[in-house]
1. Within region 367-380, is there a residue that is closer than 30 Å to ARG256 by Cα, surrounded by 14 or more Cβ atoms within 10 Å (Cβ to Cβ) and touching a helix residue (DSSP H, G or I) at 6+ places or on another chain (Cβ under 6 Å)?
2. Would it be correct to say that VAL271 is modelled with pLDDT of 95 or more, aliphatic (A, V, I, L, M), on the phi < 0 side of the Ramachandran plot and more than 14 Å from the ligand (Cβ to nearest atom)?
3. Would you pick out the residues in region 310-357 that are in a strand (DSSP E or B) and either loosely packed, with under 13 Cβ neighbours inside 10 Å or more than 16 Å from the ligand (Cβ to nearest atom) (or both)?
4. Step by step: first the residues of region 383-413, then only those that are loosely packed, with under 14 Cβ neighbours inside 10 Å and within 16 Å of the ligand (Cβ to nearest atom), then the one that is nearest to SER33 (Cα to Cα). Which residue is that?
5. Name, by its number, the condition in (1) modelled with pLDDT under 90; (2) of a type outside the set (Phe, Trp, Tyr); (3) within 15 Å of the ligand (Cβ to nearest atom) that does not hold for THR380.
6. Just give me the residues in region 169-198 being more than 13 Å from MET236 (Cα to Cα), surrounded by fewer than 20 Cβ atoms within 10 Å (Cβ to Cβ) and not hydrophobic (A, V, I, L, M, F, W, C), in sequence order.
7. Under 6 Å by Cβ, and 6 or more places apart or on different chains, what pairs join a residue from region 133-161 that is more than 17 Å from ILE424 (Cβ to Cβ) with one that is small (Gly, Ala, Ser) and not in a loop (DSSP other than H, G, I, E, B)?
8. Against the conditions (1) free of Cβ contacts under 8 Å to residues at least 24 places away in the same chain; (2) surrounded by 19 or more Cβ atoms within 10 Å (Cβ to Cβ); (3) more than 28 Å from GLY361 (Cβ to Cβ), where does ILE266 fall short? Just the number, please.
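The values are calculated or read from the model by the stated rules, or taken from the named source; none is laboratory data. Since we're looking at a predicted model, the values are computed, not measured. Cβ sites come from the backbone with ideal geometry, for glycine too, and all protein chains shown count toward neighbours.
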Amino acid sequence: MIERMVIFGASGDLTSRLLMPAVAQLTEAGLLSPGLRIVGCASTDRSTEDFCAHIAAELKEHAAVPAATRDAVVRMLSYQSADVTSAEDVRRVIGEDHPDTLVYLALPPFLLPSALSALATTGLRTSDALAIEKPFGSDLTSARQLNEILRLQLPEPTIFRIDHFLSNELIHRVIALRFLNRIFEPIWNAMHVERVDISWLETLTLEGRARYYDGAGALKDMVQNHLMEVMTLVLMETPARLDADSFRSVRVEALRSVATPLPERIRSTSVRARYTAGRIGSRQVPSYVDEPGVDPSRNTETYASLTVEVNHPRWAGVPFTLRSGKAQPVPSAEIALHFRPLPRYVLDRWPGVEPNVLRLGLKEPYVRLGTTLNGPERTTQSCQLEACSTPPQFPAYAHLILQMLNNQPMLFIRGDEVEEAWRIVDPVMKAWSGGNVPLQEYAAGTAPPGPAR
Ligand SMILES: O=C1O[C@H](COP(=O)(O)O)[C@@H](O)[C@H](O)[C@H]1O
């Protein structure tokens, strides 16, 4: 197990809100090596004491971590100021003849190329790990360039491109449901499934993230990465072996089978929309364009929906719709497999019975699978598979950290995988920026445009 973690960009939110609470949970569960040391680095000049006090306060306030665990986490920490784009600074932090190290780049994307060049001078080995957060590039060309820089400078097995959805326990359950049960896999195909919807709808609005989000929008923020990855788990064939490369290869194959969207069809297969002022529960929300830091002329969407076709015998003719939006009336995150209608003779006896929908909750743990009969009237009702509905034990970031410390890249994105995802999204971005698909509006707290799913 790797025993040292160096976080560049440690003054940012990611460290205090996600990484350190995850470290605290793993510490409580006794899953980390007692020798683990964590070095926080950023350009700000500050002392280790000051950094530790800040982390301890954040753990107390935002993650309700008990005092004893906070103390244990703080004992692992130290701080060094360093410019991540300076080879000299980075070499000083990593050290000559360094112990196996997890280098975590918690950086804004514009710093990535120069940070990678600086890191290349430190001689990272395959026993080290390099964590890179999304966004990985901003289109196919830039993703290819970034992969090229990485390939030239670092050994591929050291690279952990993060998509935290793949380390989400509820999303793992898709793998278990399909491959560890005989029940579902025989009907997991176009003969039985009519369409698949993957939705991630949030009540969250911009939450002060204009600097990043206004340049990204819902398509790049959620569809190009997280929802594509969820789709791979639905689409993919059984891996030949349970090793990282086999598992990543079937995911890449799954993405390869998705047809590149045709420019002339993007107007009818995609939706882009932006929220205006409205009310979400008791909260009054300003219009997206009135949020501080938003440039209305960018026409950034806060809701994106994209329907793709799959060129694979298992899924031929089954549309997959990926959609995500902010400022929604209620949170809802699920995979929905809509099955073909029941045979005519059944519908003749039970008129009005809807086609089955298998719904897998991605944020709330549930598996709803079809229709049952209830009460003296024998009314039809959707039913729930209880055993699959236990809450997750750890947040995604705890799994991520543990896998990286153990050099397990199975649930991280390979270079070719990220390029395939951009290959699918690039034509949509082009059609949208060319004005081929109008930007619609929805009031915050109301459903987005397009059919209910
Ligand atoms: O990466 C992102 O994911 C979150 C949703 O994931 P969660 O695990 O934090 O619920 C999304 O709100 C955010 O916009 C996006 O950048």
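1. yes
2. Yes; evaluated as a whole, the condition is true for this residue.
3. VAL310, PHE320, THR321, ALA336, LEU337, HIS338, PHE339, VAL357, listed by residue number.
4. My answer is GLN393.
5. Only one criterion in (1) modelled with pLDDT under 90; (2) of a type outside the set (Phe, Trp, Tyr); (3) within 15 Å of the ligand (Cβ to nearest atom) is unmet by THR380, namely (3).
6. Across region 169-198, the qualifying residues are GLU169, HIS172, ASN181, ARG182, PRO186, HIS192, GLU194, ARG195.
7. GLN153/ALA120; THR158/ALA129; PHE160/ALA129; PHE160/ALA131
8. The failed condition is (1).
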